[in-house]
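The values are calculated or read from the model by the stated rules, or taken from the named source; none is laboratory data. Predicted model, so just to flag it, every value in this text is computed and none were measured. Glycine also receives a Cβ, built like all others from the backbone with ideal geometry; neighbour counts cover every protein chain displayed. Heavy atoms of the whole protein, side chains included, go into the accessibility calculation; ligands, DNA and RNA do not. Shrake-Rupley method; radii C 1.70, N 1.55, O 1.52, S 1.80 Å.
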Amino acid sequence: MVKTRSGANQPKPTASFGRWLALVGFIALLLTACQSYQFNGTQYPDPQLAPDFELTATNGERFQLRDQQGQVVLMFFGYTSCPDVCPTTLAEAKRVLEGLGEDADRVKFVFITVDPERDTPEVLGTYVTAFHPAILGLTGAPHELAAVRQAYGIFAENEVLEGSATGYIVNHTARTFLVDPEGHLRLSYAYGTSPEDVLEDIRHLLG
Amino acid sequence: MHRSFIIAIVFVATLSLSACGAGPSGPQVSVEDAWSRPVPAAGGNGAVFMRLVNGGNEADQLVGGESPAAGAVEVHKTTMEAGVMKMEHIAGLEIPAKGKVSLEPGGYHVMLIGVNQALQPGDTLPITLNFEKSGEMQLEVQVREVK
């Protein structure tokens, strides 16, 4: 309450109300700034360095995970004789790589075969590059591949389908894994996650 | 006059009711929106998706197929169990009477085993589907990119 020149008491709500509003607004701003980014993928609660491995890439080079620091690496385990889930995942990888534009050279997508018998480097290379030239196929000796699967908790098993011309199919875990630029295993994505969700997470990690 | 009028009405009613009967009996299967996924190289496997609609009053089953474009054609189902992808060879895919079945990515598909050449978006692929009751149905399927 202040006394005006005429002496009458007049409430002065405007100034103090305005101040409260500013304070509340400021606190709200602080709160939104403190809210951390919500990842779309499933987070690893205590991210560790992703298990290192070295496999043969279809571009003829050896691929060592540890050497990819500075890049975001997306990993999927599959096989080329797979008619449905693997092509869908690679088509989504293509959308992610295309959506990244220039940032695509800071991201590696690797397709690790669970069927080294049929997926020779040539077959694997033709397959992955048909989706996008930047997708790398990785293969190796069966024991090398088994070790990587074990490190990442990947299930893969050949199954003969009776009465089918397919010979055998490979039942396998269909999650995509994300290693951040510091080399930590950060996130995984279920089969069918939208490319937009993956893109958002990658953009956040690339900073 | 009155009685013949009643008879006439009963006659017309009976005729109308019999016309409202079940119609032709048996399945009536049609294929809608069939499309094939691209296959990067000869020897690879592909998948054809579609909607099978049965307007008839009897169920039918898709039991297989052939195509000059592939070594073998079979019906398969993709299943996901706790994140693990599996596939089952389906001997007969039922299309219920007055019903439909959707073959789409992640579920049922007509699998092309060992394509003779790469399939690119825009190609057409001839395929014959075999139904248990409806017999053979020939299609020209468009190859297109996954949306």
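Quick check on the protein assembly as shown: take the gyration tensor over C-alpha atoms, sort the square-rooted eigenvalues as a ≥ b ≥ c, and tell me if it's rounded (a/c under 1.5), prolate or oblate.
oblate
Between rounded, prolate and oblate, where does region B:67-115 land on the alpha carbon gyration tensor, with a ≥ b ≥ c its root eigenvalues, rounded for a/c under 1.5, else prolate if a/b exceeds b/c?
Cα axes put region B:67-115 in the oblate bin.
Test of understanding: in a Gaussian network model of chain B with alpha carbons linked when under 10 Å, which of B:LYS86, B:LYS98, B:LYS77 would top the mean-square fluctuation ranking?
The residue that fluctuates most here is B:LYS86.
Helix A:142-152 versus the longest principal axis of chain A: what angle, 0 to 90°, nearest 10, using Cα atoms?
20
Add -39500 (n - 2.57) for each DSSP H run of 4 or more in chain B, then divide by its residues: what number comes out at 222 nm, to the nearest 500 deg cm²/dmol?
Counting only the DSSP helices, I get -4000 deg cm²/dmol.
Top mean-square fluctuation among A:LEU65, A:LEU97, A:LEU21, Gaussian network model of chain A, C-alpha springs under 10 Å?
Most flexible of the set in this elastic network: A:LEU21.
Ignoring any ligand, DNA or RNA, what whole percent of the accessible area of chain A comes from carbon and sulfur when the probe is 1.4 angstrom?
Solvent-exposed carbon and sulfur of chain A make up 55 percent of the total.
Residue by residue through region A:112-125, what is 3J(HN,Hα) from phi via Karplus (6.51 cos²θ - 1.76 cosθ + 1.60, θ = phi - 60°)? Round to whole Hz and write x for glycine and proline.
In residue order, the calculated couplings are 9, 6, 9, 9, x, 4, 9, 8, 5, x, 5, 4, 5, x Hz.
Ordered by residue, what ³J(HN,Hα) values in Hz, to whole numbers, does region B:82-91 give under the Karplus form 6.51 cos²θ - 1.76 cosθ + 1.60, where θ = phi - 60° and Gly and Pro are x?
With coefficients 6.51, -1.76 and 1.60, one gets 6, x, 9, 8, 10, 10, 10, 7, 9, 6 Hz.
Note the angle between two axes, namely the Cα long axis of helix A:85-100 and the longest principal axis of the Cα atoms of chain A, as a number of degrees from 0 to 90, rounded to the nearest 10.
50
In square angstrom and rounded to 100, what buried accessible area do you get between chains B and A, total over both, with the probe at 1.4 Å?
Counting both chains, the buried surface is close to 2000 Å².
Along region B:97-109, what does the Karplus equation 6.51 cos²θ - 1.76 cosθ + 1.60 (θ = phi - 60°) give for ³J(HN,Hα), rounded to whole Hz, x for Gly and Pro?
Each residue of region B:97-109 in turn: 4, 6, x, 8, 9, 9, 9, 9, x, x, x, 6, 8 Hz.
Per residue of A:83-96, what is the mean number of Cβ atoms on other protein chains within 10 angstrom of that residue's Cβ?
Partner Cβ neighbours, averaged per residue: 5.
Restricted to Cα positions, what overall size does chain A have along the principal axes? Three whole-Å values, descending.
101, 39, 31
Compare B:GLN117, B:GLN28, B:GLN61 in a GNM of chain B, Cα atoms joined below 10 Å, and give the one with the largest fluctuation.
Largest GNM mean-square fluctuation: B:GLN117.
In region A:164-184, which residues give up 40 Å² or more of accessible area once the other protein chains are added, compared with their chain alone (1.4 Å probe)?
Flagged in region A:164-184: A:ALA165, A:THR166, A:ASN171.
Would you list which aspartates and glutamates come within 18 Å of B:LYS86, measuring only between C-alpha atoms, while excluding same-chain residues fewer than 8 positions from it?
Those aspartates and glutamates meeting the cut-off are A:ASP84, A:ASP115, A:GLU157, A:GLU159, A:GLU162, B:GLU74, B:GLU104.
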